[in-house]
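The values are calculated or read from the model by the stated rules, or taken from the named source; none is laboratory data. As the structure is a prediction and not an experimental result, all values here were calculated from the model. Virtual Cβ from ideal backbone geometry, glycine too; neighbours counted across all protein chains shown. Surface areas here come from the heavy atoms of the whole protein model, side chains and all, with no ligands, DNA or RNA. Shrake-Rupley method; radii C 1.70, N 1.55, O 1.52, S 1.80 Å.
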Amino acid sequence: MPLLDVQDLHVSFSMRQGMVRAVDGVSFTLEEGESLGLVGESGCGKTTAALSLLRLLPPNGRIDSGKILYQGRDVLTFTAEELRRFRWKEISIIFQGAMNALNPVQRVGDQIAEAIRLHQPVSEKDAGKQAQALLERVELEGRRVNDYPHEFSGGQRQRVMIAMALACRPRIVIGDEPTTALDVMVQAQIFELVESLRKELGMAMILITHDLSVLGDTCDRAAVMYAGQIVEIGPIETLFQTPCHPYARCLLRSFPRLQGSRSMADSIPGTPPNLIEVPPGCRFHPRCPEVMAICSREQPLLLERGPRHSVACHG
Ligand SMILES: Nc1ncnc2c1ncn2[C@@H]1O[C@H](COP(=O)(O)OP(=O)(O)O)[C@@H](O)[C@H]1O
Ligand SMILES: [Mg+2]
């Protein structure tokens, strides 16, 4: 049994203009200790998929159907109490901007200690000690437990966020573009830190990133999302060396590794579709350089092309 088994997940947001089908039939598995990358242009549903795993959607969001099996149990059937025990303890998330996730008027040590005490029957004093140790783990000085979020630099705050995410030693940690706002040197340090902690603690990871070098360095497998769906998923080497889906090819091959460019997708003309009204057939067909007649008529299924490698394309 995989650690996590997501089956045909559908998630929508209700808007005045209609339903935004942000995640539209996504399935994937995650094994114990494995690291899965999630890539795709902005607006393709990556964050929504990640938040759904924790049932942390904003109020206008809804999981319409599907299953999220964690160790065989469907997270969608959890009671409020079961969810409380599940979040942070089993799966935690490092958000894009730490400032939004941290309470500005509470000392960071207290925030970490609170997270620990939600899940472990330890005294306030012991939780405080653990918080200090956690800060040291993320290479901050332990005495900084007494500081407030604004007293940290952006990179340091992201380290605090990582300490929070690891506080309860979850089995899975999700990183949603965890370093996007930081400068390149700090990004590299943070990724190194996350990766070493992840290996040490044996955690599985779902990493959403625009940085293909990070993807290549840290992920065992990757899923490419387009317009709310996975169009290709497979081992990272396969995706880098022989991507099959034209979208994945544009995305992953456009990366000029030697020049150190960190951008992707700038070579694909056009933009992803509005998810209130998606194109018929393959959603990528209006932008696809290899479009065929069938592509606008029939939606391709995600079919296996090789070991653990699946592609949704008529070509
Ligand atoms: N709270 C929301 N209300 C309405 N639409 C939303 C909301 N959050 C995200 N969306 C829409 O859902 C789609 C997927 O967004 P998101 O999951 O944030 O994509 P990504 O993380 O890949 O950039 C987009 O069309 C986005 O506009
Ligand atoms: Mg996002």
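Structure data summary
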{"read-out": "Members of segment 9-37 found to be under 26 Å from LEU212 (Cα atoms) and open to solvent by less than 10 Å² (accessible area, probe 1.4 Å), listed by number", "value": "LEU9, ALA22, VAL23, VAL26, LEU30, SER35, LEU36, GLY37"}
{"read-out": "Residue in segment 69-89 that is within 16 Å of ligand 2 (Cβ to nearest atom) and touching a residue at least 24 places away in the same chain (Cβ under 8 Å) present", "value": "no"}
{"read-out": "Selection status of GLY45, in the same structural domain as VAL278 (by TED's automatic domain parsing) and within 8 Å of ligand 1 (Cβ to nearest atom)", "value": "yes"}
{"read-out": "Some residue of segment 9-21 being touching a Lys or Arg at 6+ places or on another chain (Cβ under 8 Å), part of a loop (DSSP other than H, G, I, E, B) and within 16 Å of ligand 2 (Cβ to nearest atom)", "value": "no"}
{"read-out": "Residue that is most open to solvent (accessible area, probe 1.4 Å) [pool: residues in segment 243-262 that are over 14 Å from GLY40 (Cβ atoms) and modelled with pLDDT of 60 or more]", "value": "ARG253"}
{"read-out": "Lone qualifier among LEU30, LEU51 - being farther than 19 Å from LEU301 by Cα, within 16 Å of ligand 2 (Cβ to nearest atom) and under 14 Å from the mean Cα position of the chain (by Cα)", "value": "LEU51"}
{"read-out": "Test: residue in segment 141-152 that is of a type in the set (Lys, Arg) and more than 19 Å from GLU195 (Cβ to Cβ)", "value": "yes"}
{"read-out": "The listed residue being open to solvent by 90 Å² or more (accessible area, probe 1.4 Å), basic (Lys, Arg) and over 16 Å from GLY45 (Cα atoms), out of ARG287, ARG297", "value": "ARG297"}
{"read-out": "Yes/no for ALA265 being on the phi > 0 side of the Ramachandran plot, within 16 Å of ligand 2 (Cβ to nearest atom), at pLDDT below 90 and in the same structural domain as SER196 (by TED's automatic domain parsing)", "value": "yes"}
{"read-out": "Verdict on LEU54 being within 16 Å of ligand 1 (Cβ to nearest atom), within 29 Å of GLN156 (Cα to Cα), open to solvent by less than 70 Å² (accessible area, probe 1.4 Å) and in contact with a strand residue (DSSP E or B) (Cβ under 7 Å, 6 or more places away or on another chain)", "value": "yes"}
{"read-out": "Some residue of segment 65-75 being within 16 Å of ligand 1 (Cβ to nearest atom) and either assigned by TED's automatic domain parsing to the domain that holds VAL278 or of a type in the set (Phe, Trp, Tyr) (or both)", "value": "no"}
{"read-out": "Candidates GLY66, GLY43 - the one that is buried (at least 16 other Cβ atoms within 10 Å of the Cβ), farther than 16 Å from ILE208 by Cα and either away from ligand 2 (no atom under 16 Å from the Cβ) or touching a residue at least 40 places away in the same chain (Cβ under 8 Å) (or both)", "value": "GLY66"}
{"read-out": "Conditions (1) in contact with a helix residue (DSSP H, G or I) (Cβ under 9 Å, 6 or more places away or on another chain); (2) surrounded by fewer than 21 Cβ atoms within 10 Å (Cβ to Cβ): number failed by ALA167", "value": "(2)"}
{"read-out": "Residue in segment 271-315 that is nearest to SER27 (Cα to Cα), counting only those that are among the acidic types (Asp, Glu) and assigned to a loop (DSSP other than H, G, I, E, B)", "value": "GLU298"}
{"read-out": "Unique match (being within 16 Å of ligand 2 (Cβ to nearest atom) and open to solvent by 10 Å² or more (accessible area, probe 1.4 Å)) among VAL214, VAL184, VAL194, VAL224", "value": "VAL214"}
{"read-out": "Any helices (runs of 4 or more DSSP H) falling wholly within segment 73-134 and containing at least 2 residues that are crowded, with 19+ Cβ neighbours inside 10 Å", "value": "108-119"}
{"read-out": "Residue in segment 142-158 that is open to solvent by less than 30 Å² (accessible area, probe 1.4 Å), within 17 Å of the chain's Cα centre (by Cα) and of a type outside the set (A, V, I, L, M, F, W, C) present", "value": "yes"}
